[in-house]
Amino acid sequence: MTLLLLLPVLLLGLALLAGLLVLAKSSVTFSRLRKQFPAPPFAFLIGHVSAYWGDEVHLFKTMQRFRATMGRRWLIKMMNEHALNLTDAEGVEAVMTSSKHITKGPLYDFLLPWLGRGLLTNFGGSWHHRRKLLTPAFHFKILDEFGPLLAQHSEQLVDDLRVVASGTEPLDVVEHVSKITLGTICETAMGVNLHSCGEGDEYFAAVRTVGASVIYRMMRPWTWNDFVFGLTPHGREVTKCMNTLHRFTEKVIRERKSTQDTKAATEPSPGGEVKLRKRRLAFLDMLLAAQKEDLTLSDVDIRNEVDTFMFEGHETTAMAICWTLFALGNHPDIQERVRQEVLGAGPAWQDIVALPYLEQVVKESLRLYPPVLYISRINEQGLDIGDKHVESGVHLDMIIYCLHRDPANFPDPERFDPERFAPGEDRGRHPFAYVPFSGGLRNCIGKRYAMMELKLMVAAVARAFSWRARHSPEEIEFKPELVLRASQGIQLYLTPL
Ligand code: HEM
């Protein structure tokens, strides 16, 4: 009996001892790493957990403080996990140009219950295969077909804003823009009308909750285990949201299946690859067609890809549009120049997409406010950066936000200046100094789609409104979730023209 009582205590003691040994060993490794790279002050065993602990705004400020005090590269220790934070172009280049470091960091694992092994979180041969399959879905000929739809949605955005805009009351535009970009990705890549799928509002709320939970968990090691997190009230809420997200995408897939006949568009080829007979297929049609040829592509695989592209395809572009409107709302002269360029352009969507100054403005906005502010890789085989060697096991975290504000490549980096992207102005700039869409093998598959959408949306707003931002850049509190947000939202005083 006494033994029975003692056993759980003994097991718990052993587990604690094992945990402490792991942490102690990790501290020794970390001391070795610190001979190569600096690290901000940290607590024994737990490392920087206590420095980051707080909300997202605190996390962001801590990251900025580390950049200001540590230089361009510094080490972080979260319990027994070690990461090298890179904010310099040479370091980022070393990671992005490597074909060995393409597996995403452990933070992405929090997304697995939602996105599974969709393209964003996939790795190895499966990723290669999927990327090859999906790349043609964003071929420029497909994008040509999307152009009129995107232009139509940009007019929809203007109509929606007209209903709620008043030059005297500030309006947070984030939700309005996000609804439009969700609608565009549904209609273009998925071939489905958002309204026919209902639940759009629930989908938004769920994406926000799940997005915020990733950062929440990152800062709280006791939530890292999925099972343990799932037992907490917050974890249960996140699971509920993920079910909502899956319900929505399953509905999108059902809807599309019911309205198309993929068989007619495909023919088997000797290599087993899907060849498209009549025309190139958009994203979801291509997946459904591929499923007929490749029995290893399961319904869950398709849902994972749809979840990935629905999320990546609408949140990032929505914030990019909002941040561009924010920047223009703080620079009336630049806003007016964009408006004049847009008003002088031809009527076709291609005319807008080709506008040079609009492109400079969008690029500069993506520099100062990169929607994806941070990306991470697993360092499985060791990495040389110049004369330094980063041993395997140390994660490689690239902070795009800081990289884009490096004065070595962007003098007076806080200043919004579209001239930085005027022809010839990038001469001498490091090729990896500016990577809003990442770079190398795992760059953004939707880059061209995103740029088209961004330009068309900003141009439509510039044609219909003049606006100023409620907050100055100095007043903004950055709030990193899965995308870069502001805790105040993006509030604009919009005056119809
Ligand atoms: C302004 C808008 C966008 C920005 C700033 C952006 C940025 C990025 C970045 C930085 C990555 C690399 C992520 C990482 O390494 O973890 C990425 C990957 C990805 N993006 Fe985008 N993106 C945008 C729009 C889009 C759109 C419109 C789509 C889909 C239509 C899309 C789909 C993806 C996918 C699927 C990946 C993963 C690619 C892979 O790992 O092979 N993105 N994006």
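What follows draws every value from the coordinates through simple rules; no lab data is involved. Predicted, not measured: the structure shown is a model, and the values here were computed from it. So basically every Cβ, Gly included, is an ideal-geometry build from the backbone, and we count neighbours across all protein chains shown.
Within the chain, which is the longest segment that contains none of the GluC sites (Glu not before Pro) sitting in a DSSP loop with at most 15 other Cβ atoms within 10 Å?
The segment 1-198 is the longest one with no such site.
If the chain between Glu175 and Thr495 were fully stretched, how many nm would it gain, using 0.36 nm times the residue separation less the Cα-Cα distance?
Extra length available between Glu175 and Thr495 comes to 113.3 nm.
With θ taken as phi - 60° and the coefficients 6.51, -1.76 and 1.60, list the Karplus ³J(HN,Hα) couplings across the range 371-388 in order, rounded to whole Hz; mark glycine and proline as x.
Ordered by residue, 3J(HN,Hα) equals x, 9, 8, 8, 9, 9, 10, 8, 9, 7, 10, x, 9, 9, 10, x, 8, 9 Hz.
How would you classify the range 55-170 from its alpha-carbon gyration tensor, with a ≥ b ≥ c the square roots of the eigenvalues: rounded for a/c under 1.5, else prolate if a/b is greater than b/c, otherwise oblate?
On the way: a/c = 2.23, a/b = 1.27, b/c = 1.76.
In terms of gyration-tensor shape, oblate.
How large is the charge dipole for the chain, taken about the Cα centre, if only the Cβ atoms of Lys, Arg (+1) and Asp, Glu (-1) carry charge, to the nearest 20 debye?
1100
Set the Förster radius R0 to 41 Å, insert the Cβ-Cβ distance between Glu155 and Leu12 as r into 1/(1 + (r/R0)^6), and round the FRET efficiency to 0.05.
It comes out at approximately 0.05.
What residues have an amide H closer than 5 Å to that of Arg485, excluding those fewer than 5 places away on the same chain, when H is modeled at 1.01 Å from N in the peptide plane?
Lys479
Once phi is turned into θ = phi - 60°, what whole-Hz ³J(HN,Hα) does the Karplus curve with 6.51, -1.76 and 1.60 give for every residue of the range 398-415, x standing for Gly and Pro?
Listing the rounded values in order: 9, 9, 5, 3, 6, 3, 5, 10, 7, x, 4, 10, 10, x, 6, x, 6, 6 Hz.
How much of the DSSP bridge set in the chain is antiparallel, in percent, rounded to the nearest 5? Kindly include the intermediate steps, with their values, before the conclusion.
Values: 30 of 34 bridges.
DSSP beta bridges in the chain are roughly 90 percent antiparallel.
Can you show me the helix-derived [θ] at 222 nm for the chain, built from DSSP H runs with n ≥ 4 at -39,500 (n - 2.57) apiece and divided by the number of residues, rounded to the nearest 500.
Helices in the chain give a 222 nm mean residue ellipticity of -17000 deg cm²/dmol.
What angle, in degrees between 0 and 90 and rounded to the nearest 10, separates the Cα long axis of helix 2-33 from the longest principal axis of the Cα atoms of the chain?
The helix 2-33 is inclined about 70 degrees to the chain.
If R0 is 51 Å, what FRET efficiency do you get for Gln36 and Ser487 from their C-beta distance, rounded to 0.05?
On the way: r = 36 Å, r/R0 = 0.70.
Taking R0 as 51 Å, the efficiency between Gln36 and Ser487 is 0.90.
In whole Hz, what ³J(HN,Hα) sequence does the range 295-303 give by Karplus (6.51, -1.76, 1.60; θ = phi - 60°), x for Gly and Pro?
Once rounded to whole Hz, the list reads 6, 7, 7, 7, 4, 5, 4, 5, 4.
Note the full-extension length gain between Lys251 and Glu475 as 0.36 nm times their separation in residues minus their Cα-Cα distance, in nm to one decimal.
Working: separation 224, 0.36 × 224 = 80.64 nm, distance 4.11 nm.
Once the chain is fully extended between Lys251 and Glu475, it gains 76.5 nm.
Whole Å is fine, so just give me how far the alpha carbon centre of the range 146-160 lies from that of the range 306-337.
When both Cα centres are located, 15 Å separates them.
Roughly how tilted is helix 447-464, in degrees to the nearest 10 and between 0 and 90, from the longest Cα axis of the chain?
50
What's the angle, to the nearest 10 degrees (0 to 90), between helix 56-70's Cα axis and the longest principal axis of the chain?
It works out to around 70 degrees.
Which whole-number percent gives the relative contact order of the chain, counting Cα pairs below 8 Å spaced six or more residues apart? Don't skip to the answer; put the middle values down first.
On the way: 716 pairs, mean separation 118.1, N = 497.
About 24 percent, as a whole number.
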